[in-house]
1. Taking the Cβ-Cβ separation of GLU84 and GLU4 as r and a Förster radius of 41 Å, what is the calculated FRET efficiency to the nearest 0.05?
2. Using a Gaussian network model of the chain with C-alpha springs under 10 Å, which one of ASP141, ASP71, ASP157 is most mobile by mean-square fluctuation?
3. Determine which aspartates and glutamates satisfy two conditions relative to LYS398: a Cα distance under 20 Å, and not lying fewer than 8 residues away in the same chain.
4. What angle do you read, to the nearest 10 degrees and between 0 and 90, between the alpha-carbon axis of helix 342-353 and the longest principal axis of the chain?
5. Count the lysine pairs in region 35-157 that are 8 or more places apart or on different chains: how many have C-alpha atoms under 14 angstrom apart?
6. Can you compute the label reach from ASP179? Point 7 Å from Cα along the Cβ direction, backbone N cut-off under 13 Å, restricted to region 1-31.
7. Could you run the Karplus curve 6.51 cos²θ - 1.76 cosθ + 1.60 with θ = phi - 60° over region 217-222 and give me ³J(HN,Hα) per residue in whole Hz, x for Gly and Pro?
8. When the helix-only estimate is applied to the chain (DSSP H runs of n ≥ 4, each -39,500 (n - 2.57), divided by the residue count), what is the mean residue ellipticity at 222 nm, nearest 500 deg cm²/dmol?
Amino acid sequence: MSIEKEILASKDHLEGLIRDQLERIKRIKSQGDWTDYSGLKKIRIGLLGGDGIGPQITEDAKIVLAELLQDDIANNSVEFINIEGLTIENRAKHLKAIPDDVLEKIKSCHVTLKGPTTTPEKGDNWPNIESANVGMRKELDLFANVRPVKVPEENIDWVFFRENTEDSYALGSQGIEIDNELAMDFKVITSIGSQRIIEAAFNHARNTGRKRVSVVTKANILKKTDGKFLEEAEKVASQFPEIEWDSWYIDIMTANLLHTRRSEFEVFVMPNLYGDILTDEAAQIQGGVGTAGSANLGKQHAMFEAIHGSAPRMLKEGRAQFANPSSMIKAGAMLLEHIGYTELAQKLDKALSICGQYEKKLLITGRDNGSTGEEYGKYVLNTVRDKNIDEKYEKYAKETQ
Ligand code: NAD
C-alpha cells in the first residue's frame with residue numbers, strides 16, 4: 001500500500017477508535033451504583049485457576065477461605081463455583097482472551113478469585129490473543145485496581161489505586177504502523193474514568209481514617225492525558241477537604257518509594273501504566289511479588305488475584321506445589337473485605353504478616369527445601385484461629401518498629 005493510502009486508512013482507524021471511546025464514556029455514565037453484598041441471599045464466589053502455578057495457589061487459597069467461611073457455606077449464604085477453561089490452551093483454541101462460555105460463568109458470579117494467566121508474546125507458540133486480565137477488566141469494567149502493601153516494621157501501610165481500563169492499555173493492540181517505519185500507540189484518559197478511580201481512592205482514605213492521597217502522573221510531559229487526570233484530581237479533592245493531597249511525577253515517585261521518609265505516604269492514585277510499574281516496586285519492598293494480592297473492582301463485579309504472573313518455569317520444573325500462596329491468600333482477604341467480612345479479612349491479613357514477616361515458622365523458598373503452599377496455607381489458617389492473634393500482631397508491630 002502506498003504511504004498516502006496508509007495515512008488514509010489510519011485516519012479511518014483513528015475515527016473508529018474515537019467513536020468507540022465516546023460510546024464507552026456513555027456506557028460508564030449510565031452505570032448503576034456499587035453492588036450491595038449485604039442485600040444478597042447468597043454470594044457466589046467463582047474460582048479461576050488460570051495457568052502455570054495458578055491452579056495450585058488458587059486451590060491453596062481456596063482451602064483457607066473455605067475453612068474460614070465454612071458456616072456460611074453450610075447455611076448456603078456463600079457458594080464457591082469452580083470455573084474451568086480460563087487456560088491458555090482453551091483461550092488459544094477459541095482465539096479469545098476469554099471464551100464466551102467462561103465469560104458467561106464469570107458474569108454469573110458476584111466476585112471471582114483468579115489465578116495468574118499466561119499472556120502470549122512474540123516468539124512463543126501461542127496465537128497473539130489479548131491478555132485474559134485486560135479482557136476481564138474491559139468486559140466487566142473492573143476499573144479500580146487496588147493493591148495494598150504493608151511493612152509493619154517500617155510503619156509502611158500503603159494502598160495503591162491504579163486505574164485499570166484506560167491509558168496505554170485501552171488500545172494496546174490497536175496502534176498504527178506506517179510503511180514499516182513509523183509505529184504509534186494511543187493513550188486514552190477520560191474525565192469520567194479518572195474521576196471514578198480518584199473518587200475511589202479518596203473514599204478509601206476517608207473510610208479507613210487515612211489522611212493523605214498522592215496523585216501520580218507525568219502531567220508535565222503528557223499534557224492532554226495526564227493533564228486531564230490531574231485536573232480531575234483537583235476537582236475530586238475539593239470534595240474531601242479533610243484529606244491532604246499532593247501531586248507527583250512518576251519518575252520521582254519511583255525514587256520516593258526507596259526514600260527514608262517513604263512511610264509518610266498513605267494512599268496513591270494513578271493512571272494504568274504508572275500503577276503497573278510502581279506497584280511491582282512496592283511489592284518488592286514488601287518481600288516480593290509472591291506476597292502481594294490485588295483487587296480489580298467494578299461497580300457490578302470484582303475480581304481478586306495475585307499481582308505476579310503464572311511462573312511457567314516453576315511448573316515446568318515440577319515446583320508448583322512450592323509456590324508461595326500468600327499472594328492469593330492476600331487476594332482472598334481482600335475479597336472477604338469487599339463482600340463484607342471485614343473482621344475475618346483483617347484477621348487473615350494479620351495472620352499473613354505474622355507468618356510471612358514475623359514468626360516465620362515455615363519458609364517458602366519456591367523449592368523443595370521450603371514448605372509447600374498447602375502446608376503454608378494451614379499455618380496461616382492456624383494463625384487466624386489463634387485466639388492471641390491480635391496480641392501477637394501488636395507485639396510484632398511494636399518490637400519491629
Ligand atoms: P512471573 O510473575 O510469573 O514470575 C516472575 C518471577 O517470580 C519468577 O522467577 C517466578 O518463579 C517468581 N514467582 C512468581 N510468583 C511466585 C510465587 N507465588 N511463588 C514463588 N515464586 C514466584 O512473571 P513472568 O515470568 O514475567 O510472567 C509469566 C507469565 O505470566 C507471562 O505470560 C505474563 O504475561 C503472565 N502474567 C500474568 C499476570 C496475571 O495474570 N495477573 C500478571 C503478570 C504476568
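What follows draws every value from the coordinates through simple rules; no lab data is involved. As the structure is a prediction and not an experimental result, all values here were calculated from the model. Ideal geometry is used to build each Cβ from the backbone, glycine not excepted, and the neighbour counts take in all protein chains shown.
1. Working: r = 50 Å, r/R0 = 1.22.
Step by step, r from the Cβ atoms, then E = 0.25.
2. ASP71
3. GLU153, GLU154, ASP157, GLU264, GLU266, ASP349, GLU359, ASP386, ASP390
4. With rounding to tens, the tilt is 80 degrees.
5. On the way: LYS62/LYS114; LYS96/LYS138; LYS105/LYS114; LYS107/LYS138.
Value for region 35-157: 4.
6. 1-8
7. Result, ordered by residue: 8, 9, 5, 6, 9, 8 Hz.
8. Numbers: 15 runs with 177 residues, N = 401.
One gets -13500 deg cm²/dmol as the mean residue ellipticity at 222 nm.
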